[in-house]
1. In the stretch 261-294, how many are surrounded by 19 or more Cβ atoms within 10 Å (Cβ to Cβ), over 22 Å from the mean Cα position of the chain (by Cα) and in a loop (DSSP other than H, G, I, E, B)?
2. Just wondering, is there one or more residues in the stretch 146-156 that are in a strand (DSSP E or B) and over 20 Å from Val330 (Cβ atoms)?
3. Name the single residue that is nearest to Ala387 (Cα to Cα) among those in the stretch 36-74 being among the polar types (S, T, N, Q) and not in a helix (DSSP H, G or I).
4. I'm checking my understanding of the structure. Among residues of the stretch 182-199 that are over 17 Å from Asn254 (Cα atoms) and under 23 Å from the mean Cα position of the chain (by Cα), which one is surrounded by the fewest Cβ atoms within 10 Å (Cβ to Cβ)?
5. Only one of (1) aliphatic (A, V, I, L, M); (2) assigned to a strand (DSSP E or B); (3) farther than 18 Å from Asp153 by Cα is not met by Val470, so which one is it?
6. Quick check on my filter: what residues within the stretch 422-470 are on the phi > 0 side of the Ramachandran plot, without any contact (Cβ under 8 Å) to a residue 60 or more places away in the chain and in contact with a Lys or Arg (Cβ under 6 Å, 6 or more places away or on another chain)?
7. Need pairs with beta-carbon distance below 7 Å; first residue of a type in the set (Lys, Arg) and within the stretch 244-269, second modelled with pLDDT of 95 or more; sequence gap 6+ or separate chains.
8. Looking at Ser413, Ser386 in this structure, which one is closer than 20 Å to Trp451 by Cα and over 18 Å from the mean Cα position of the chain (by Cα)?
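The values are calculated or read from the model by the stated rules, or taken from the named source; none is laboratory data. None of the values given here were measured: they were computed from a predicted structure. Note that each Cβ is placed from the backbone with ideal geometry, even for glycine, and that neighbours are counted across all protein chains shown.
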Amino acid sequence: MNPAPPSPAPARPRGAPWIPITITALGVTGAVVVLSLPNFERNLTRWVVMGIPILVFLLNLVWFLLTPRYSWRTRGLGLLILLGLGFAFRASVKVDGTSDGTGMPRLAWKWSGKNHSGLTTPPATTGNPPTVTDDPRLAQVRDVPQFFGPAGDGLITGAKLARDWKAQPPRELWRQPIGEGWSAFAVVQGRAFTQEQRGEDELVTCYELLTGKLLWAHADKARFSQWQSGDGPHGTPAVSGDRVFAYGGTGWLNCLDAVSGRLIWQRDVLAENKSGNLEWGMSVSPLLVDDKVVVTAGKSKGPVLFSYAQATGTPVWQAGEDKATYASPVLTTLAGRRVILCNHGRALTAHDPATGQVLMEYPWGNEKWPKASQPVVVDGRHIFVSAGYGVGCHMVDVAAAPDGKITASEAWSNLKLKTQFNSVAVRGGFLYGLDDGRLACVDAATGERKWKEGRYASGQSLLVDDLAIVQNEDGPVHLCLALPEQYEELGRINALSSKTWNHPVLAGRFLLVRNDREAVCYELPVLP
C-alpha cells in the first residue's frame, strides 16, 4: 500500500496588524494633544491637524507596500488603485481660495464657476455730479472718513446703542451685490466710499449711504489675485474735504473728486519706487496728515513710507529702511510729540509728519510673518502691538530722548492677545480684540487677560461705548457687552453668509458691512 500523503502544515495565524494600528493611534493622540494646547493658534492648529492624517496615511502606505503580510499582486493592485484615485482627484478638483483665515484651501470641482459676484464695471459718470437724496436721517449720520473708526483707533463713543436686539431688532435698509475685495467703507456727508474688483477693473466706488444707490465708480485696469488672500483690493479709502484717496491692491494711489469721482491725480507707487508687491497684496489704507497723503511701499527693503502732496500728488518725502507689511500708518502723539506710527516687517517706527525722519524704531516679531494689526497707543507713553502666527503681543514703553527722538523699550509681552489681522482698541486702560478668533479683554498695564469668550474666527471688531460690535468671519454680526469684569453676547444678526474679512463701519446709528460678494446697511436701534 502507498503511504498516505503528508498533511499540509496548518496556516500560521496572521494576528492583528499592529504597526498600522500603532501609527494610527499615535496620530490620533497627537491631534488630541494639539487641539488641547491653550495657546496654540487656530491657524497653526488647523494645519497641524490636517497634516497628521496625511502623515499617518503615508506611513501606513509605506508599511502596506513593504509588508510580507500581503502578496506582491495584492500590494501592486492596491498601489494602482491609489494612483488612479489620485489622478482622478487631481483632474476633477481645484483650489478655489481659502475656506477661512487659517489659510486652509477651499476645494471645488474644476468645472464649477469662479466664486465671485459677476458684476460688470459701470459706465463713467457724465453730466452733472450725482447728489445725495435729502433725508432727515442724514442728521443721524456720523462721518467715518478713514479706516477703523472716526479717529482711526477702533473706538466709538456716544452712540447710545440699544442693547436688546430681540425687542428692538436692527432694520435692514438695503442689501445688494458688490465686487470682490476686503475693503471697508469710509462715510462722509451721506456718501459711502469703498474699493472693489469687477472683472479686470479695480474700482473706487461711491454709494448713497441710506439707499445703496451707486453714485459713481472710478476704474483702473488692475487686478490683484492670490489664492489665499483672494481677488481685489484690501485698503479702505480716506476722505478729506471734497477729495477721496484710495490705494489699490497693486499699488495705484488715486486722488478723486468725492462728489463726481473725477480723477484729480494718480501715482503708481510700487512701479515708481521699484518695489515688488507683497505676497497678499497691498492692504494699506491711506493716512491723511496736514496737506499730505501717506502710504507704505512693497516688499523690497529700502524706503518703506511714502508721502505725497494731497493737492498735486507730488512726492514730498520717503522714509525708513524696512519691508512693508499689511498694517496702515496712524497719526498719534507719543511722549508729547505728534508722529506717524507704522508697523513694518522688522520694526515699529515713529516718523516726523513734516519730514518723515525716523524718531523711534522698535524691532519686534519676525519679518517672515505678516503684521496686519494696527498699533494701539494706550496713553501717549505706551504702544500695544500684536500679530498672529505665534508672534503674540508686546507693550512698548516710550519716552522723550534728549536729542528730540523717542526711546522705546519692552514693558511686557505674552501670547494672550494674538490678533492675526484683527485690530485691537483700548478703553479705560483695557485692550479689547480677537485673540485667535475669541473676543478677549487684557489689562494694558500688566498684560493679564481678564476673559476670553465667544468664537468669531478671523473676524473684526469695534468698540462702541461699553459694547463691542464683532463681525464674525462667517458673516453674522454680534453685539457684546465688553467690560473688564463682564462679557455677554446681547444680540446677533445674520448679516452675511460667507467669508467676511472686511471691517464693519458704524456711522452714527447706521452699520455698514460687506464682504467680497455682498454689502448691507442696517439702522441700529438707539436708546431714547
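1. Summing the residues that are surrounded by 19 or more Cβ atoms within 10 Å (Cβ to Cβ), over 22 Å from the mean Cα position of the chain (by Cα) and in a loop (DSSP other than H, G, I, E, B) in the stretch 261-294 gives 2.
2. no
3. Among residues in the stretch 36-74 that are among the polar types (S, T, N, Q) and not in a helix (DSSP H, G or I), the one nearest to Ala387 (Cα to Cα) is Asn39.
4. My answer is Gly199.
5. In the conditions (1) aliphatic (A, V, I, L, M); (2) assigned to a strand (DSSP E or B); (3) farther than 18 Å from Asp153 by Cα, Val470 misses (3) alone.
6. Result: Gly454, single match.
7. That search, which allows pairs on different chains as well, returns Arg262/Leu256; Arg267/Leu253; Arg267/Tyr308; Arg267/Gly313.
8. Ser413
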